[in-house]
Structures are given as structure tokens and as C-alpha cells.
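Q: Pasting in a structure now, in C-alpha cells, and then I'll have a few things to ask.
The values are calculated or read from the model by the stated rules, or taken from the named source; none is laboratory data. Remember, predicted model here, so these are calculated numbers, not experimental data. Here the Cβ is made from the backbone with ideal geometry for all residues, glycine too, and neighbour counts use every protein chain on show. These accessible areas exclude ligands, DNA and RNA; they are computed on the full protein's heavy atoms, side chains included. Shrake-Rupley method; radii C 1.70, N 1.55, O 1.52, S 1.80 Å.
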Amino acid sequence: MLPRKLVCICVALLSLAALAGAQTWTPLTNQPLPFGLFHASTALLLTDGTVMVQAQESSAWFRLTPDKTGNYIKGTWTSVASMPSGYTPLYYASVVLRDGRVLIEGGEYNGGSTPVETTLGAIYNPVSNSWISLTPPPGVAEIGDASGIVLPNGTFMLGPVSSFTQWLLNPSTLNWTSTGAGKADPNTEENWALLPNGNLLTVDTENGTNSEIYSSIGGAWSSAGSTLVTLPSNGGMGIVPELGPALLRPDGTVFAAGATSNTAIYHLNTGLWSVGPTFPSGIGVADGPAALLPDGNVLVDASPFFSGPSQFFEFNGSSLISVPAPPNTNVPSYYGRMLVLPTGQVFFTYQSSQMVIYTPLGTYQSAWQPTISASSLPGTVNPGSINNFVSGTQFNGLSQGTAYGDDAQSATNYPLVRITNNATGDLAYARTHDHSTMAIATGSALVSTLFDVPANIETGPSTLQVVANGIPSREMPINVSFGASGLCPETTCTQVQNAYISHFTGIDCTGGEHYYTPYFNTDGVRRSWDGQSFFGTALTTVTNRSWKGTDGQCHNDWPNGNTLNGFVTVYRDTQFTPVQAAYISHFTGPDCTGEESYYTHYFNDDGIRRSWDGHGMVGSIIYTATNESWKGSDGMCHNSWVTNPNTLSGFVHIYR
């Protein structure tokens, strides 16, 4: 394969003032490193609305966070954890998994200027900000610049170079299974377009004008017919032929760009190809990016074969319309990477220290929007709450969003949740995960996702939208408020079993101090734990406090298998730390009497842990209405609750 090591492009930068006059491309206000030191490679959209960008052929990644109005141009950068030692890939498979993790696999290069077709891989967890290494498929000696895609059921599919076999990765077990019987030619330089029925369409690079379809159910390939014109080309260089992107449009056609000047269009309704428009002046896309715009046009980067300059076009279904190019793009098309943002804009990198955003002129049709089922949406969500549920239609959009040749994938066919405060207009993205499907163009089928609300989100009446491929749903009302949201029935909170609670069992700080955890056994019943053996296995407790059972009645004896209703409830836990978004409710007096108040561990700048009564910002109110006893920082027992900072020692603790 042709060496394509990053080359420093020593040309004068165009004036930013001239760029602003173009009204379509805008440079980012901020850069993650001093200008000239950071060369941006692949960019991926995380499910919390931030953009994750690799420093070219490096283990370093950076995250772009939009400003509070959702503006990515004015966003700010932070660094994220580096990939495992020794893994610095260039030209590789890349996807965002259904649970929100990022998977990177292979690499044509891995440091140095010689192709190595590495089998290294890694998975990034944005919640813990950590990577783990990924073991390659058994017996695979080369992966390199492989094709990669997430199938509708969430399985990751990989096409190692020089192989007729593909591999399926179970993201939960990280086990590989071979697939792809009947492939007509090797995977090398090919890409896959996801179709609405869950199958994949590819154009062969070493088999004339043939195309193929992979059945995601049967796991085998079959012919999809001739593209009628030649799309792959090696530019007379004696290498495996290159190919351009193929991308599904909302009208049910797949636009495929060739490394030649040719394009072809696949029609889902007939299963046949037709000839598309020709790129001018002999240019083509010998590897290069394309992005689906909100109006259904396809933005594509083309150039002479492995040479600059890049030229940009919008394909509108029948014609290639020339559009202005970003500054300093005297580079071949394969340098480019495109990413569809939630705003409908396109984030563009091209192995340069300058990153730009393309703002298109058109807009979407209402039929293309996601829709939210009003009955599925909670009326109120808590800051820091996790696993909130929302369902509706077309949450994954009508297409993958972006495509490339084989060197990069940055699909965005997954739902994002955007919450906008009515009073301020500020918005925040809630991290989505565990989508019910990764299929596209799902029509009227009911789909869903879970979302985690940021702990620092603004409170008050707001609206919520689901966004897919830059197209938002209609705004739906929602309230963001501290306190119990009612979203955590005792049998559906699934992530709080690692929150441990201790408190004294009698009045005046008497009785044994025991530990409890909400725990769901296989039967779905939440049980208490007395601190002995593995949590959830002991169903009794020696506490003498009252509790309210599932019958709604108050009891003064603690039975086996109690659900903890009305006694101590941990509604949510956050992503490891901080813990100020973990909410606790309990009754304040014997026999389930007294006000039910809410507390949180909150560390202020002075490091003192404070209580909270459920009103206002966490930590800002230092009093509580409880009449329970507490042990102060002096180690003594008290029966009145002070209004000055109390550490909550001996009263209620949430351990991380």
C-alpha cells in the first residue's frame, strides 16, 4: 500500500477575514494546543455532544465542548486520556458504540513512515476517561486501514485488509466471531454503507464494476449488480485500487463517489445502479470524506489522485454543485475528515492545525425529524440523574451521516438529547447510551435511548429535543429540578447497587451502625443488606427504625425482602465523582412521620461536607428540617440539627 505519512504543509495561511466573507466555512475560535503544534486527524461525536479529536498519528486525544449556547465554533478544548502505550495509529477503523464508548481498531501506520497494518486496538470509556486495549480477532495478522461499522443490533463489524473474511465483535464480552461468507474480493480499500433493512452495501475495489450486499441476518455476501461505470482506481501506481465514500440519502438512494471522476447511484426501491454526475477536470475521491447535510445534499471533498488541491461539492440528487473550499486546502482529499454536528454543521479536519466548520444553507423536511413520545418523557429530571428513558421514532436518523473511503469512519446514527433552559436559552447535552437500535431510517418503529443529565445543568422549566445527524425533534417541555423526580421506582433503578449507606439504628445515636444498598436480584426485588457477606445476599437487618412497605403502610418491624420504600432510598449515583448528585430521601420521625427531606454529600472549597434540604443549588443551603440525631465533628451525639456546617458523620453516609 502507498506510504502516506503526514507531511508538513509549509504554505502561507489565508486571511481569516477573507474566510469570513465566504459565509460557509468558519475557523474555530480556540485550538487545543498552540497554533502549529496540533494536527487534527479523525473526529468523533460523543453521545454527550462533545467532539473527540485525535492528534495526528499520536496517542493523544482532545475534546471540544460547545459553549452554553451550543456553538461549536466558540467551543473550548480539554485533553482526554491517551491511548494505550505504543498505539499511535494513522488510518484506522473508528466508531461510537451503542453504549457510548469509542472503539478504535487497526491502523495502516503506527508511528514511523512505513505501513505496518497494525492489529492493535483500544476502547475508550468517556465516563471513566480511560482506555482498554482490544485483543484482535484470532489468527488475524493484519488489520490496517480497515472498514468498520456498528450493525443495527450494536455489534461492531470489522473488515481487515487483504482478507475475504469479516469479524463481528460483541461489545459486552469483547469476543470476536467470523462472518462474511461469499465475499467476491478482499476488504482492502472498501467501505460499507448501512441500509435501512440493516444490510451493508459495498463497491468492490478488485472486481471490476461489481458491488455487493452483506446480509446482517444471514452473515453472507451477494452481488448487488454493476455500478455501470468504473469507480475504483489506483491512479496508475500499481497499488490496490482506491475508492471514495458511499452514503445513503433521505430519498432512498446511495451516492457513491469514485477514485475516478465517476459517481454512481444505487436505488433501494429497484436494487439497481444508475450513472451519477462526473467530477470536473479529472478529479475524484481516492479516499476522502463526505457528509450528509440536513437538506439531504451530500458535501464531498474531491481532488486529483493523491494530490492537491481539494475541491468541494454538494451533490443534490442529480448534480455536483461547486462550493467554496476552506483555507489552506492545497492537499489531497484523503487528508480530510468530516463529522456531522448536532447543529447540522460539518466539522472538518485535514491534518492541519486549523479546524473549520461548514455551515450549509438548506434545511430538513419535517418528515425527517425524530419524534418524541410524550408519554415516555419524564415531567421532571434531576441534575446528575442517570438512566432517564425516552422513546419515539427516527432517533438514529435516516443515514450514517458521514462516509469515507476505508481510512476513517465517523458515523453519527445515534440519538443525542439536548435540554434548553427556557429562562436563559442556555443548553446542555445529556449523555445518551444503550440505544434500543443502531438501525437507520426506522420509520414509525418505536425506538428509545437512556440519557444522563449533567450535574451542573441549569435548573428550571426547559425543553428537550432528540437530535440525530444534525436534525432535531420538536421541543418537548421538561422541568429540571433538584429533589425526587419520581423516575426511580424501586424496581427500575439499576445502577445504584454500589452506593453504600450507613446510619445509626436507634434514637440518640444508639444501636448498631449497619450498611444497606439498593440491590436488585434476578427477580427484580430491591433488598436491604446488613453489611455481612456479598451485598444483596443477606435479606435481614437489625435496624429498629420504621419503614413503609410496598403495601403503602407503615411498619415497625423489618421483614425479609423489604424493598426499602419509605426508609432510605438512593435515587441516583453519578459517574464516579462528584457525589453531590446522589439524592437521598427518608422519613424524619418514628412511624414514618415527619418531613421527608433530601440530603447530599457536598464538598465546598473548604472541603467540608454539608447537608442539603432539597431546595436550591446543592450545598448552598446548610440546614435541614430533620429531627433525627446526628454525630458532629466533635465526635459527640446531638439531638438538634445545627445550621452551621455539619459533616453528616454518623447520620447518613453515601460511600463511593
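Q: Take the residues in the range 120-136 that are over 15 Å from GLY86 (Cα atoms) and assigned to a strand (DSSP E or B); name whichever of them is least open to solvent (accessible area, probe 1.4 Å).
A: Only one residue fits best here, namely TYR124.
Q: Give me a count of the residues in the range 182-229 that are under 19 Å from GLY252 (Cβ atoms), among the aromatic types (Phe, Trp, Tyr) and part of a strand (DSSP E or B).
A: Count: 1.
Q: Scan the range 444-473 residue by residue and report those that are modelled with pLDDT of 95 or more, within 27 Å of LEU44 (Cβ to Cβ) and not in a strand (DSSP E or B).
A: ALA445, ASN469, GLY470, SER473
Q: Would you mention how many residues in the range 1-60 are modelled with pLDDT under 50 and touching a Lys or Arg at 6+ places or on another chain (Cβ under 9 Å)? Spell out the reasoning first.
A: So in the range 1-60, the residues modelled with pLDDT under 50 come out as 1-22.
With touching a Lys or Arg at 6+ places or on another chain (Cβ under 9 Å) added as a condition, the list becomes none.
So the answer is 0.
Q: Related question: Among the residues of the range 147-181, what is the count of those that are within 14 Å of GLU105 (Cβ to Cβ), open to solvent by less than 10 Å² (accessible area, probe 1.4 Å) and part of a loop (DSSP other than H, G, I, E, B)?
A: Matching residues across the range 147-181 total 2.
Q: Okay, moving on. Pick out the one residue from PRO294, PRO309, PRO277 that is assigned to a loop (DSSP other than H, G, I, E, B) and closer than 21 Å to TYR350 by Cβ.
A: Criteria check complete, one pass: PRO309.
Q: Of everything in the range 360-384 that's part of a loop (DSSP other than H, G, I, E, B), among the hydroxyl-bearing types (Ser, Thr, Tyr) and touching a strand residue (DSSP E or B) at 6+ places or on another chain (Cβ under 7 Å), which residue is surrounded by the fewest Cβ atoms within 10 Å (Cβ to Cβ)?
A: Ranking the candidates gives SER373 first.
Q: Turning to a different aspect of this structure: Here is a check on your reading of the model: is GLY144 surrounded by 18 or more Cβ atoms within 10 Å (Cβ to Cβ) and either touching a strand residue (DSSP E or B) at 6+ places or on another chain (Cβ under 9 Å) or over 23 Å from VAL80 (Cβ atoms) (or both)? Spell out how you get there, then give the answer.
A: On the way: surrounded by 18 or more Cβ atoms within 10 Å (Cβ to Cβ): yes; either touching a strand residue (DSSP E or B) at 6+ places or on another chain (Cβ under 9 Å) or over 23 Å from VAL80 (Cβ atoms) (or both): yes.
Against the criterion (surrounded by 18 or more Cβ atoms within 10 Å (Cβ to Cβ) and either touching a strand residue (DSSP E or B) at 6+ places or on another chain (Cβ under 9 Å) or over 23 Å from VAL80 (Cβ atoms) (or both)), GLY144 qualifies.
Q: Tell me which residues, restricted to the range 412-459, are of a type in the set (A, V, I, L, M), open to solvent by 30 Å² or more (accessible area, probe 1.4 Å) and within 12 Å of the chain's Cα centre (by Cα).
A: Result: LEU450, single match.
Here is a yes/no grid of residues against (1) in contact (Cβ under 8 Å) with a residue 40 or more places away in the chain; (2) more than 30 Å from PRO472 (Cβ to Cβ):
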site	(1), (2)
TYR214	yes, yes
TRP221	yes, yes
SER233	yes, yes
ILE239	yes, yes
LEU268	yes, no
PRO304	no, yes
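Q: Another question, then. Return the residues of the range 317-345 that are assigned to a loop (DSSP other than H, G, I, E, B) and of a type in the set (A, V, I, L, M, F, W, C); say none if nothing qualifies.
A: ALA325, VAL331, LEU341
Q: Return the only residue of THR253, THR263, THR270, THR278 being under 32 Å from the mean Cα position of the chain (by Cα) and surrounded by fewer than 21 Cβ atoms within 10 Å (Cβ to Cβ).
A: After ruling out the rest, the residue left standing is THR253.
Q: Same structure again: Quick check on my filter: what residues within the range 281-293 are open to solvent by 10 Å² or more (accessible area, probe 1.4 Å) and of a type outside the set (A, V, I, L, M, F, W, C)?
A: Residues satisfying the conditions are SER281, GLY282.
Q: When the residues of the range 312-341 are filtered to those that are open to solvent by 20 Å² or more (accessible area, probe 1.4 Å) and within 19 Å of ALA264 (Cα to Cα), which remaining residue is nearest to the chain's Cα centre (by Cα)?
A: GLU314
Q: Go through the range 102-119 and give me each residue that's hydroxyl-bearing (Ser, Thr, Tyr) and part of a loop (DSSP other than H, G, I, E, B).
A: Within the range 102-119, the first condition is being hydroxyl-bearing (Ser, Thr, Tyr), and the residues that meet it are 109, 113-114, 118-119.
Hits for the range 102-119 are SER113, THR114, THR118, THR119.
Q: Report the residue count in the range 72-98 for those that are over 28 Å from ALA439 (Cα atoms), assigned to a loop (DSSP other than H, G, I, E, B) and open to solvent by 40 Å² or more (accessible area, probe 1.4 Å).
A: Of the residues in that region, 4 qualify.
Q: For the range 79-107, name all the residues that are of a type in the set (Gly, Ala, Ser) and free of Cβ contacts under 8 Å to residues at least 60 places away in the same chain. Steps first, answer last, please.
A: Step one: of the range 79-107, the residues of a type in the set (Gly, Ala, Ser) are 79, 81-82, 85-86, 93-94, 100, 106-107.
Matches in the range 79-107: SER79, ALA81, SER82, SER85, GLY86, GLY106, GLY107.
Q: So is THR76 more than 25 Å from VAL340 (Cα to Cα), in contact (Cβ under 8 Å) with a residue 24 or more places away in the chain and β-branched (Val, Ile, Thr) or not? Before you say what the answer is, go through the steps one by one.
A: Numbers: more than 25 Å from VAL340 (Cα to Cα): no; in contact (Cβ under 8 Å) with a residue 24 or more places away in the chain: yes; β-branched (Val, Ile, Thr): yes.
So THR76 fails the test.
Q: Does any residue in the range 173-197 that is touching a residue at least 12 places away in the same chain (Cβ under 8 Å) and on the phi > 0 side of the Ramachandran plot come within less than 8 Å, Cβ to Cβ, of a residue that is buried (at least 19 other Cβ atoms within 10 Å of the Cβ) and among the polar types (S, T, N, Q) six or more places away or on a different chain, and which pairs are these?
A: Final answer for the pair search is GLY180/GLN166; GLU189/THR205.
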